[in-house]
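Step one of this worksheet: look at the structure below.
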Amino acid sequence: MGHFRLLVVGNAVSAYGSYLNMVALNVFVYQVTGSALTAGLFMAVRLITSVLSGFVSGRLVSRYDRKRLMVCADLTQATALVVLLLAPDGARVALLFALAVGTGACSTLSQVALRSSVPEIVGADLRTRANGLLVTGRSLAMIAGFASAGVVIAQLGYTAAFAMDAATFAVSATILFLLPIRTRAVAAKSAAEGTATDAADTGRWASLALLKAAPLLAIMVAVRAADGLGSSSHNVALPIYSSALDPSHPATFISQFWATWAIGNIVAQQVCSRRTSKTGWSPGERAFAIGSCVMSAAFIVVFSGLPAVPAAVAALVAGMADGFTEIAYVSRLQAAPDEQRGRLFGLSASAENSGFGLGMIVSAALLERYSPLQVVGAFQGLAIVLCVALLVVLSKGRSLFPQERLARESGGPAPGREVSAAEGGSS
């Protein structure tokens, strides 16, 4: 795990750059153009690119060296930021939209490649613990990035902010390049090299075929898309709700919420790590569904108008459940064979980003007429409904999916089911 801990540090550094980048670029676009429409289009281009690149990333990760892809993704983002810094003022608007495409595509590619690689880097038995470390690193990076963005921009300016962004990606790329890690199974690597032409011909339908062969995974991906909807609703509603609580200090509740949420994420990682180390336990589909229900319910409670202390407890529970479900979900998809894992994570990234993007648009429109509690309750309620459906499917799994059950009991793949082995995670 020593090399992986260094990888976590590098990933957290680049994640900090991504969150700082997110704030700095969005504000910079508005400052340069003076147009709220242009700023909105910039965010839309970046998000749409993230959605579309999920499918492409899955194919790339399945066919090429994942470590090189991650290094190239980080270096591409660093280079794009340097070009933006050196460009004349007249060319910056066009470069900003090119940067939106580049950052959206590269961030998705890097995420898909890393998630697909974890079982090969640390071993399948340690993947839950490794995913917990990644969740903790990204949670801390998110808080640091959002918290420092305003200070960096106000005190040092956009040039310094973009230079810091570029440096974080360069640091991440350097750490990745120097680490002696293997990111692909040897057998899978040979198979990918021998069937590259066939993969190119069937890649368009491969991801959907995988989900058709593994209906439980398809439902889990749908739940994650609904979680994206719910996440977008509370992200949009937080400034409105915080302003209503304390009009003179509208940022207070937001800061408290995200700080408490991050603590919950870290606690979840520690609990999962300790239990996995002692017992070898790994959360499965049922744990994921229950955790998602708790997470959505806690987010609804946060917006219910409770006093400060109970609201903080709800935010802590939401953070713990959020971190736990992230670990459970990623670990579950990583149980798939290496040659299928990249496409699964690519499709998952597209589903999550689609849910988040759609939710941002719809929730913003609904908040013009309805309260934050109503909007968050509706979006998170949808996620709870899907989680309950997943629990029902799991409770009847023996009759619904007899081929998968027989495969689990016999230890071999079900007839005609490429990913049936991935259906047998613990719960």
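The values are calculated or read from the model by the stated rules, or taken from the named source; none is laboratory data. Given the structure is predicted, the values throughout are model-derived calculations rather than measurements. Glycine gets a Cβ as well: all are built from the backbone with ideal geometry, and neighbour counts include every protein chain shown. What goes into the accessible areas is simple: the full protein's heavy atoms, side chains included, and nothing from ligands, DNA or RNA. Shrake-Rupley method; radii C 1.70, N 1.55, O 1.52, S 1.80 Å.
Hey, what does the equivalent ellipsoid look like for the stretch 25-67, semi-axes from the Cα gyration tensor as sqrt of 5 times each eigenvalue, largest first, whole Å? All intermediate terms of the calculation are to be shown ahead of the outcome.
On the way: eigenvalues 199, 22, 4 Å².
Each semi-axis is the square root of five times an eigenvalue, giving 32, 11, 5 Å.
Would you list Phe177, Phe42 from the most to the least accessible area, probe 1.4 Å? Let's see the in-between values first.
Details: Phe177 145, Phe42 0 Å².
Largest accessible area first, the list is Phe177, Phe42.
Using a Gaussian network model on the chain with a 10 Å cutoff between Cα atoms, which of Gln374, Gln269, Gln31 fluctuates the most?
For the chain, modelled as a Gaussian network with Cα springs under 10 Å, the answer is Gln31.
Relative contact order of the stretch 211-329, please, whole-number percent, based on alpha carbon pairs below 8 angstrom and at least 6 residues apart. Kindly include the intermediate steps, with their values, before the conclusion.
Working: 114 pairs, mean separation 37.2, N = 119.
It rounds to 31 percent for the stretch 211-329.
So what is the relative contact order of the chain, in percent, for Cα pairs below 8 Å that sit 6 or more residues apart? List each step's numbers first, then the result.
Values: 651 pairs, mean separation 106.7, N = 427.
Worked out over the chain, it gives 25 percent.
Hydropathy first: keep DSSP H helices in the chain averaging at least 0.5 on Kyte-Doolittle, then drop any whose Cα extent along the axis falls short of 24 Å, and list what survives.
Numbers: long enough: 2-33 (46 Å, 0.89); 36-63 (40 Å, 1.21); 66-86 (30 Å, 1.14); 92-122 (43 Å, 1.15); 127-156 (41 Å, 0.91); 158-178 (30 Å, 1.50); 215-245 (43 Å, 0.95); 252-279 (41 Å, 0.04); 285-302 (26 Å, 1.60); 308-333 (37 Å, 1.20); 338-366 (42 Å, 0.24); 372-395 (34 Å, 2.21).
Both cut-offs are met by 2-33, 36-63, 66-86, 92-122, 127-156, 158-178, 215-245, 285-302, 308-333, 372-395.
For the chain, modelled as a GNM with alpha-carbon contacts under 10 angstrom, which of Asp246, Asp165, Asp227 fluctuates the most?
Most flexible of the set in this elastic network: Asp246.
Can you tell which of Asn26, Thr38, Gly54 lies farthest toward the positive end of the dipole of the chain, using +1 and -1 charges on the Cβ of basic and acidic side chains (Lys, Arg; Asp, Glu)?
Gly54
Considering only C-alpha atoms, what is the centroid distance from the stretch 332-385 to the stretch 232-276, in Å?
If you average the Cα positions of each part, the centres end up 18 Å apart.
Can you order the peptides 335-347, 143-155 by their average number of other Cβ atoms within 10 Å per residue, highest first?
Per-residue Cβ counts within 10 Å, averaged per peptide and sorted highest first, yield 335-347, 143-155.
Given the stretch 261-334 reduced to its alpha-carbon atoms as identical point scatterers, what log10 I(q)/I(0) does the Debye formula return at q = 0.23, 0.24 Å⁻¹?
Taken in order of the listed q values, log10 I(q)/I(0) reads -0.96, -1.01.
Can you give the Kirkwood hydrodynamic radius for the chain, in Å, rounded to one decimal and based on Cα pairs?
Across the chain, the inverse of the average 1/r is 22.2 Å.
Could you give the accessible area per residue of the stretch 224-296, probe 1.4 Å, as a whole number in Å²? Walk me through the intermediate numbers first.
Numbers: 3050 Å² over 73 residues.
It amounts to 42 Å² per residue over the stretch 224-296.
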